[in-house]
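This report refers to the structure that appears directly beneath it.
The values are calculated or read from the model by the stated rules, or taken from the named source; none is laboratory data. All figures in this text were calculated on a predicted structure; none of them were measured in a lab. Every residue, glycine among them, receives a Cβ derived from its backbone with ideal geometry; neighbour counts consider all protein chains shown. Surface areas here come from the heavy atoms of the whole protein model, side chains and all, with no ligands, DNA or RNA. Shrake-Rupley method; radii C 1.70, N 1.55, O 1.52, S 1.80 Å.
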Amino acid sequence: MGWDAFGLPAEQYAIQTGTHPSITTKNNCDTFRRQIKELGLSYDWDREINTTDPNYYKWTQSIFIKLYNTWFDDQLQKGRPVSELKIPEDILKSGKAGVRKYIDSKRLAYYDDAQVWWCSNCRIVCANEEVLTDGSHEKCGNIVEKKNLKQWLLRIPLYAERLLKGIDDLDWPEGIKDMQRNWIGRSSGAEVDFNLYGLEEKLTVFTTRPDTLFGATYMVIAPEHNLLDKITTPEASRSVMDYIKSASLKSDLDRTDLSKEKTGVFTGRYAINPVNLKKIPVWIADYVLTGYGTGAIMAVPAHDTRDFEFAEKFNLPIVCIQDPDVTDADQKKRIIAGKECWTEDGKYINSSDKQTGIDINGLNKETGISEITSWLESKGIGKAKINYKIRDWLFSRQRYWGEPFPVIHWDDGEITLVDEKELPLQLPELEKYLPGETGESPLSNATDWLSVKDSSGRTGRRETNTMPQWAGSCWYYLRFIDPKNDNQIFSPEKEKYWMPVDLYIGGAEHAVLHLLYSRFWHKVLFDLGIVSTDEPYKRLFNQGMILAFAYETETGAKVASDLVEERDGKFYHKETRDELRQIVAKMSKTLKNVVNPDDVTSKYGADSLRLYEMFMGPLDVTKPWDDKGVKGVFGFLSRAFRFISNPENILPGSEEDREILKGLHQTIKKIQSDIENLRFNTAISAMMIFLNLIIKKGKITLTTAETFVKVLSPFAPHLSEELWLILGNCSTIAYEPWPSVNEEYLKEDVFEYPVSFNGKMRFKIELPVNMDKNEIISIILSDERTKRWLGDKEPSNIIVVPNRIVNIVIK
RNA sequence: GCCCGGAUGGUGGAAUGGUAGACACGCAGGACUUAAAAUCCUGUGACCAUUGCGGUUGUGCGGGUUCAAGUCCCGCUCCGGGUACCA
């Protein structure tokens, strides 16, 4: 068991109550541990770990140091120690500071400005989810703003290609693999330099469609583009400034929202389209994001929907350069006239220029892209480029309750890391968990802890940011291998024995972030020779979330469950007496619709709770909790106990009824394959079916009873142990071997064929399993019922699928 | 908006392209009981027919492929997850 116990909720609770988060964290873990033990879940408690334990986060800090001291060798596609980094001659000549800057630019972890949401009222950095759609802070209603703060970032995009390729061989749900691929977002295209009128600087854009350069009629840069100040002309300055201010209030999500109106302003500057030397305006608009590509685009409204919308709104020229592959003549006309956007393939038109000497008219997309790209490369104004959507990972938080960075900022500007031998760098005790005056982390209040002095008297400050909760959960599976090792993160021999993780069961909400971050760290550790596998999780399975009933009024207002009463199957508000709607929603404290396992356990026992969780439905589906369902499995367990524990039902001797034997072995077989496929709901229903059978039959042999209890025991261990003793055994059932299936009992002599006419089942007929097709046909054709359904018609075809179905086709 | 899931009786769900609704809850009727609870038995998608055999229809909506579609393909609707500082 591992407790991932750092993070925002514990910290917020601390701010509200003044209780130190380590105390609440400990209490919560104690409760969960007790509940888990009561349920009889077989965790290895000798391997219990907690990410907030200094003996654990010591190693989290150690991994951070390793990331900092690693660079990515593009040639080898591999992370390597910075000590192996070759410094170019000219950098060496530039002196110590230059060398340091060069190395820092290669490290997987680096320190730089990054934008965050800032609430000046609470003096706190807000999570995106804390910022409401109107741009206000959900806690205080103050309008938040974007602010640059010094942050730690990790260069995960360097591993994009490795992370992408690795996905192919994983035994994971395809949907999750797709989500990771899309998140990494590899796209190949080209970078193109545009000259700007009156400026020396060039404006570089990334485009997946360099072939459409002839259709580029304007350019757009992001409001945060670093050339913005230079590009903006004095006349346009005022409107550009106003625009930037309004854009800074929107989240990236709002900015890319296609349903919203496009916005933007002209910068006053023009650029030159390199393929035809035409003068095109440079605009600023927030639908271009600074974090993707170069933060600037060439706009081809005729062949890109976002550019098209923008051009229509601001009356910018739309030049069609592709004769579309469509049959609809009207649509073709509209597209060529620039009245409709076309993003698919077609033959180029209007795509040649005498001055530049380029001509791709008549070609198709694929050849067009390669032609233009090689032309750009030959002229030195562009190059083929692979771009990734995945961005550097912002790896620091202005919070108290997280791992401190083992980093010292010296007053002379140098940054050094704490020596590994000095780890863990422990969190200092604080009285207040609120952030400092300037937006610094709460740790800036820890004055004693904060200041450091080295042997030569140089003074410095410790890093006050802390790591995000991802840090601890990124590698916890590795610490399970050797949780008590004080000298090493784990022993390499043990790592080789255990890795990779055979089966990882986790929620689909971790589809991208946690699972991608974790894979990234693992690959770095692999490159450094610390782990022996390239991928951490061989097989992944997503369990579904358990929802619960909740209530809302006619108008949709949510009502906490303790204010609801049930009468005659309808639900009413206790105070207003209004009738309420029962809905299904995520369990939450506000709706008071959480289920406390203690209540269920005290009423129905731990086995009922276990069984119900498994019986509710497939493991991977979200489903609502319903107390009545617990009653159902409780009934099953009670019937099983009553039947098996009653000596009158257990026959002496070993001669068992054929039908019971068949049922028993069907049940074992079903449960066995269901467990392997994590389909516990159908395994339980198989047991119910068997129990119904033996109750009907009345008596079973001791062997049958024991076998049944054995297959029940992984699902309901407590009850099974007791039945095992009642049946006369003295040892525990937990170590009994799984019963084997005897196929002999499962053989069938006959099969009941469903006979259908044009796919509709009409009657059934029992026939020997090994009867050949022609014989089956002749028996069925001579059957009275067949004649009735055929009437005076002749069958045009008869399909016989052995031991499955017969279908008679009538025209 | 974008990416990924999902939708089957009153409810949770079952169904290698081959008998839709297994199993369970709920409900109805019955047995036991002075009564209730518990337990046991029977029935239970909808509609029609009912004296019985039965018939029609039905897996979110609209198309398609197939001898046969809950399942495969195309186009939608609604719900859920993620969207980089919840983890």
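Answer yes or no: is there a residue in segment A:289-311 that is open to solvent by 50 Å² or more (accessible area, probe 1.4 Å) and within 17 Å of A:A190 (Cβ to Cβ). Within segment A:289-311 (the criterion being open to solvent by 50 Å² or more (accessible area, probe 1.4 Å) and within 17 Å of A:A190 (Cβ to Cβ)), the answer is yes, since at least one residue qualifies.
Quick one: is A:D113 within 16 Å of RNA strand B (Cβ to nearest atom), closer than 21 Å to A:W401 by Cα and not hydrophobic (A, V, I, L, M, F, W, C)? Here the answer is no, as A:D113 does not meet what is asked.
Just to be sure I understand, how many residues within segment A:530-544 are without any contact (Cβ under 8 Å) to a residue 60 or more places away in the chain and either surrounded by fewer than 18 Cβ atoms within 10 Å (Cβ to Cβ) or within 15 Å of the chain's Cα centre (by Cα) (or both)?
Residues of segment A:530-544 without any contact (Cβ under 8 Å) to a residue 60 or more places away in the chain: A:531-533, A:536.
When the remaining residues are screened for being either surrounded by fewer than 18 Cβ atoms within 10 Å (Cβ to Cβ) or within 15 Å of the chain's Cα centre (by Cα) (or both), the result is A:532-533.
Residues that pass the stated criteria total 2.
Which members of segment A:657-674 meet the condition of being polar (S, T, N, Q) and surrounded by 15 or more Cβ atoms within 10 Å (Cβ to Cβ)?
Selection gives A:Q666, A:T667, A:Q672.
Condition check for A:Q35 on (1) surrounded by 14 or more Cβ atoms within 10 Å (Cβ to Cβ); (2) more than 30 Å from A:V600 (Cβ to Cβ): one failure, at (2). Taken together, the residues in segment A:139-173 that are closer than 24 Å to A:N387 by Cβ, among the β-branched types (V, I, T) and touching a residue at least 40 places away in the same chain (Cβ under 8 Å) amount to 1.
The helices (runs of 4 or more DSSP H) falling completely within segment A:675-758 that include 2 or more residues that are away from RNA strand B (no atom under 16 Å from the Cβ), touching a residue at least 40 places away in the same chain (Cβ under 8 Å) and open to solvent by 60 Å² or more (accessible area, probe 1.4 Å) map to A:702-712, A:717-726.
Checked against (1) more than 30 Å from A:A190 (Cβ to Cβ); (2) in contact (Cβ under 8 Å) with a residue 12 or more places away in the chain, A:K383 passes all but a single condition, namely (1). The residues on offer are A:L227, A:L149, A:L153, A:L213, and the sole one that is open to solvent by less than 60 Å² (accessible area, probe 1.4 Å), away from RNA strand B (no atom under 16 Å from the Cβ) and more than 30 Å from A:G346 (Cβ to Cβ) is A:L227. Of the strands (runs of 3 or more DSSP E) lying entirely inside segment A:505-573, those containing at least 2 residues that are modelled with pLDDT of 70 or more and hydrophobic (A, V, I, L, M, F, W, C) span A:537-543, A:546-552. Within segment A:574-603, the set of residues being open to solvent by less than 50 Å² (accessible area, probe 1.4 Å), at pLDDT 80 or above and under 18 Å from A:P624 (Cβ atoms) comprises A:V595, A:P597, A:V600. Pairing each residue of segment A:508-529 that is more than 14 Å from RNA strand B (Cβ to nearest atom) with any residue that is polar (S, T, N, Q) and open to solvent by 20 Å² or more (accessible area, probe 1.4 Å), provided the two are 6+ apart or on different chains, yields C-beta distances under 8 Å for A:H522/A:T533; A:F526/A:S532; A:F526/A:T533. Of the residues contained in segment A:764-774, one or more are found to be near RNA strand B (Cβ under 9 Å from one of its atoms) and loosely packed, with under 15 Cβ neighbours inside 10 Å. For segment A:419-468, filtering for residues that are polar (S, T, N, Q), surrounded by 15 or more Cβ atoms within 10 Å (Cβ to Cβ) and within 32 Å of the chain's Cα centre (by Cα) leaves 4. Contact annotation: residue pairs with Cβ atoms under 9 Å, 6 or more positions apart or on different chains, pairing a residue in segment A:630-644 that is within 17 Å of A:A686 (Cβ to Cβ) and near RNA strand B (Cβ under 9 Å from one of its atoms) with a partner that is open to solvent by 30 Å² or more (accessible area, probe 1.4 Å) and polar (S, T, N, Q), are A:R639/A:N692.
Just give me the residues in segment A:50-83 being closer than 17 Å to A:W475 by Cβ and open to solvent by 30 Å² or more (accessible area, probe 1.4 Å), in sequence order. It would help to see each step written out before you state the result.
Residues of segment A:50-83 that are closer than 17 Å to A:W475 by Cβ, as a first pass: A:50-70, A:79.
Answer for segment A:50-83, where residues must be closer than 17 Å to A:W475 by Cβ and open to solvent by 30 Å² or more (accessible area, probe 1.4 Å): A:N50, A:D53, A:P54, A:N55, A:K58, A:K66, A:N69.
On the stretch given as segment A:1-19, residues that are of a type in the set (A, V, I, L, M) and in a loop (DSSP other than H, G, I, E, B) total 2.
Assessment of segment A:63-81 against the conditions (among the charged types (D, E, K, R) and within 16 Å of RNA strand B (Cβ to nearest atom)) yields no matching residue. Looking across segment A:174-196, the residues that are within 10 Å of RNA strand B (Cβ to nearest atom) and either more than 18 Å from A:K385 (Cα to Cα) or assigned to a helix (DSSP H, G or I) (or both) come down to A:E174, A:G175, A:I176, A:K177, A:D178, A:M179, A:Q180, A:R181, A:N182, A:W183, A:I184.
Scanning segment A:381-418 for residues that are open to solvent by less than 20 Å² (accessible area, probe 1.4 Å), more than 15 Å from RNA strand B (Cβ to nearest atom) and in a loop (DSSP other than H, G, I, E, B) yields A:P406, A:V418. Checking each residue of segment A:362-380 against the condition of being at negative phi, within 35 Å of the chain's Cα centre (by Cα) and in a loop (DSSP other than H, G, I, E, B) gives no match. Of the residues screened, A:I349 is not one that is in contact with a Phe, Trp or Tyr (Cβ under 7 Å, 6 or more places away or on another chain) and modelled with pLDDT of 85 or more. Among the residues of segment A:722-732, is any of a type outside the set (V, I, T) and over 29 Å from A:E676 (Cα atoms)? Yes, the conditions are met somewhere in segment A:722-732.
Residues in segment A:432-449 include none that are of a type in the set (V, I, T) and assigned to a strand (DSSP E or B). Restricting attention to segment A:83-140, the residues that are assigned to a loop (DSSP other than H, G, I, E, B) and modelled with pLDDT under 80 total 12.
Cβ-Cβ contacts under 7 Å between residues 6 or more apart (or on different chains), taken from a first residue in segment A:437-454 that is under 17 Å from A:N121 (Cβ atoms) to a second residue that is among the β-branched types (V, I, T) and modelled with pLDDT under 85, are listed as A:G439/A:V125. The single condition among (1) within 13 Å of RNA strand B (Cβ to nearest atom); (2) assigned to a loop (DSSP other than H, G, I, E, B); (3) loosely packed, with under 13 Cβ neighbours inside 10 Å that A:N803 does not meet is (3).
So, A:V750, is that one within 30 Å of A:F763 (Cα to Cα) and in contact with a Pro (Cβ under 9 Å, 6 or more places away or on another chain) or not? Give the steps one after another, and end with the answer.
Values: within 30 Å of A:F763 (Cα to Cα): yes; in contact with a Pro (Cβ under 9 Å, 6 or more places away or on another chain): yes.
Answer is yes for this residue.
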